[in-house]
Amino acid sequence: MKKALIALVVLMVLVLGALAFRHYTDKVEYVAVKARTEAEKQDKDKDDKKDKKKKDGKALAASGSVAVEQQWDLPDILEEVSAIAYLGAGEFACVQDERGIVYVYSTTAGKILHEIPFGPSGDYEGLAVAGQTAYVLRADGQIFEVKNFDSGKPSTTTHKTSLTAKQDTEGMCYDASNNRLLIAIKGAEPGSTDYKGIYSFSLADKK
């Protein structure tokens with residue numbers, strides 16, 4: 001009698017264990033399928049966004065008053081492109097907000113022609129070109145001056161400004177008329193909450 005009872009208990013344990021394992025594996029499979037479905041949905045959303053930008057072979061403009069005749073899809077390395085500067089002949093200098101590299105992209109060739117390392121990894125948010133010198137702005141207010149940037153032998157000098165990570169510098173352009181760089185901030189304005197200023201950096205005395 002005891003042996004029969006023990007055998008019955010063992011059998012019940014095995015059955016319950018098998019059911020629990022099946023439930024676990026079904027749950028794992030469900031989670032895996034759900035994760036794969038979510039990933040596929042995200043990929044489809046990206047493709048749909050790209051398709052919406054095009055109509056009859058032309059990119060859609062943000063306003064009906066202009067027409068975008070052509071667009072270029074940048075390579076993956078420039079997915080986080082943060083600043084560009086036109087060089088002429090269909091070429092653009094570009095930086096992205098993670099790597100200390102200036103990329104020269106050709107709209108004619110549809111690819112990156114050159115990569116010019118200038119500094120360590122960082123949050124780069126601005127780019128301006130004056131002659132053969134590229135100026136790259138980091139979010140903490142530092143400016144990287146890259147002389148002869150597209151010559152094969154660039155040299156880099158770093159300039160500190162009065163701006164810091166609190167100001168979170170976000171954009172920069174070259175003011176040729178006054179030989180200076182103009183810098184915009186996204187963060188806090190020092191000493192005021194009523195406005196955000198535009199800051200100038202002289203290229204004559206580098207301050």
Q: Would you please give the residues with an amide H less than 5 Å from that of A83, counting only those at least 5 places away or on a separate chain, with H modeled from the backbone geometry?
A: V95
(Q) Within a 10 angstrom radius of the beta carbon, how do V95, V81 rank from fewest other beta carbons to most? (A) V81, V95
Q: Based on other C-beta atoms within 10 Å, arrange R180, R138 from fewest to most.
A: R180, R138
Q) Once phi is turned into ³J(HN,Hα) by the Karplus curve 6.51 cos²θ - 1.76 cosθ + 1.60 with θ = phi - 60°, what whole-Hz value does each residue of the range 64-73 show in order, with x for glycine and proline? A) x, 7, 10, 10, 8, 7, 7, 9, 10, 8
Q: Determine Rg/Rh for the range 75-163; Rg is computed over alpha-carbon atoms and Rh is the Kirkwood hydrodynamic estimate from the same atoms.
A: 0.94
Q. Across the range 122-135, in residue order, what do the Karplus-derived ³J(HN,Hα) couplings come to in whole Hz, using 6.51 cos²θ - 1.76 cosθ + 1.60 with θ = phi - 60° and x for Gly and Pro?
A. x, 8, 8, 10, x, 8, 9, 10, 10, x, 9, 10, 9, 10
Q) What residues of the range 93-122 lie in the reach of a label at Y86, counting those whose backbone N is under 16 Å from a point 7 Å from the Cα along Cα→Cβ? A) 93-94, 105-108
(Q) Over 22 Å between Cα atoms: which of K111/K206; K111/K186; K111/K160; K166/K196 fall into that group? (A) K111/K206; K111/K186; K111/K160
Q) Taking the Cα centre of the range 76-202 as the origin and placing charges on Cβ (Lys, Arg +1; Asp, Glu -1), which of I116, S151, T164 is farthest toward the positive end of the dipole? A) S151
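Each reported figure results from applying straightforward, stated rules to the coordinates on display, with no laboratory input. The structure presented is a predicted model; accordingly, all values stated were derived computationally and were not measured. Quick reminder, even Gly has a Cβ in these numbers, built from the backbone with ideal geometry, and neighbours come from all protein chains shown.
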